[in-house]
């Protein structure tokens, strides 16, 4: 098979690799599409991780083989998405359903001796419990969005959004806009805080109720106008600046919820008024990755067309243009660049 290897900073190459024999308990998936997310961009740029590395985790494909000793209801030819970032399955967090917080020993993958998450290899072997079937008519390049949508679903569910709630989101990148789509699907009136005109226009085009520039107008006034002075019921921070997290209490109503989504770069300690939290009963929490149930729900949301992510496909590249795909993904105006692993 072929696999994309980030060999050194800003250099991606396609290598021929012999796949390992399929082992008992596994099913083999022929990967059709993989998207380039922020994590892969940092790997490509040399900002994180060690190289060489076979990246990729936002992927989709078709079941191509099943070991005869694997107990599963999947069949060869099933169209699927899968959770490449492993969890052990038997630590206290996994047993509690919080697989994203796994504390146990996790399996590792390698491709011809090269470590990787593996979404950018043509074949991947998975435990059936990490594989999710999708609708027959869902395009596989759209199905590859299951992982980022699952991460945002995980975040949105932590805020207990109710119909009629006022929801604010800081950041109009793809994850911020996916939060907005999910919040609206739960009946919330949604505000996106984003200074970039192109991202703001895209958010309006997909139906976000209100979009405002927090650099040209004070966020507290924007929120007061949006909520009639009540404050936000839920506020999701999808931007990496700690200063935005530090300022969150000004715009959330008493007993409202704040979710720190994603990591902060560069990270630093922030100051929060403990009495403000005490007297207002504001809940501040984080959201990290996605649990298995989030993948299941995200796959259903995409398969049923409840959430439409087609406008987030900035470009698709064939496997032999992996270098070009990674270069294109570094454009701040892009949402998701996809790579077609076959054909």
(request) Sort out which residues of region 189-201 are crowded, with 24+ Cβ neighbours inside 10 Å and part of a loop (DSSP other than H, G, I, E, B), and write them in order of number. (result) 194
(request) Kindly indicate which of 73, 45 is in the same structural domain as residue 141 (by TED's automatic domain parsing), modelled with pLDDT of 95 or more, within 26 Å of residue 7 (Cα to Cα) and surrounded by fewer than 18 Cβ atoms within 10 Å (Cβ to Cβ). (result) 45
(request) Working only within region 84-132, note down all residues that are modelled with pLDDT of 95 or more and either within 18 Å of residue 35 (Cα to Cα) or not assigned by TED's automatic domain parsing to the domain that holds residue 14 (or both). (result) 116, 117, 118, 119, 120, 121, 122, 123, 124, 131, 132
(request) For residue 260, state whether it is in contact with a helix residue (DSSP H, G or I) (Cβ under 7 Å, 6 or more places away or on another chain), assigned to a strand (DSSP E or B) and either closer than 15 Å to residue 192 by Cβ or without any contact (Cβ under 8 Å) to a residue 12 or more places away in the chain (or both). (result) no
(request) Could you please find all residues in region 107-145 being part of a helix (DSSP H, G or I) and more than 17 Å from residue 319 (Cα to Cα)? (result) 128, 129, 130, 142, 143
(request) Tell me which of these residue 153 doesn't satisfy, since it passes every other one: (1) at positive phi; (2) in contact with a helix residue (DSSP H, G or I) (Cβ under 8 Å, 6 or more places away or on another chain). (result) (1)
(request) Considering each residue of region 202-246, count those that are more than 21 Å from residue 284 (Cβ to Cβ), over 20 Å from the mean Cα position of the chain (by Cα) and not in a helix (DSSP H, G or I), and give that number. (result) 12
(message) So, residue 31, is that one out of contact with any helix residue (DSSP H, G or I) (no Cβ under 8 Å at 6 or more places or on another chain), touching a residue at least 60 places away in the same chain (Cβ under 8 Å), within 28 Å of residue 78 (Cβ to Cβ) and not assigned by TED's automatic domain parsing to the domain that holds residue 176 or not?
(response) yes
(message) Just to be sure before I move on: is residue 281 loosely packed, with under 13 Cβ neighbours inside 10 Å and touching a strand residue (DSSP E or B) at 6+ places or on another chain (Cβ under 6 Å) in the structure I sent?
(response) yes
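For every residue, the table says whether it meets (1) touching a residue at least 12 places away in the same chain (Cβ under 8 Å); (2) out of contact with any helix residue (DSSP H, G or I) (no Cβ under 7 Å at 6 or more places or on another chain); (3) not in a helix (DSSP H, G or I).
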| site | (1), (2), (3) |
| --- | --- |
| 270 | yes, no, yes |
| 285 | yes, yes, yes |
| 301 | yes, no, no |
| 314 | yes, yes, yes |
| 320 | yes, yes, no |
| 326 | yes, no, no |
| 338 | yes, no, yes |
| 343 | yes, yes, yes |
(message) Can you tell me which condition residue 204 does not meet? The list is (1) under 20 Å from residue 152 (Cβ atoms); (2) without any contact (Cβ under 8 Å) to a residue 24 or more places away in the chain; (3) touching a helix residue (DSSP H, G or I) at 6+ places or on another chain (Cβ under 8 Å), and all the others hold.
(response) (3)
(message) Among the residues that make up region 17-24, is at least one of them part of a loop (DSSP other than H, G, I, E, B), closer than 24 Å to residue 335 by Cβ and touching a strand residue (DSSP E or B) at 6+ places or on another chain (Cβ under 9 Å)?
(response) no
(message) Which numbered condition in (1) surrounded by fewer than 18 Cβ atoms within 10 Å (Cβ to Cβ); (2) farther than 21 Å from residue 299 by Cα is the only one that residue 114 fails?
(response) (1)
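The values are calculated or read from the model by the stated rules, or taken from the named source; none is laboratory data. Please read these numbers as outputs of a predicted model, since none were measured by experiment. We place every Cβ from the backbone using ideal geometry, glycine too, and count neighbours over all the protein chains shown.
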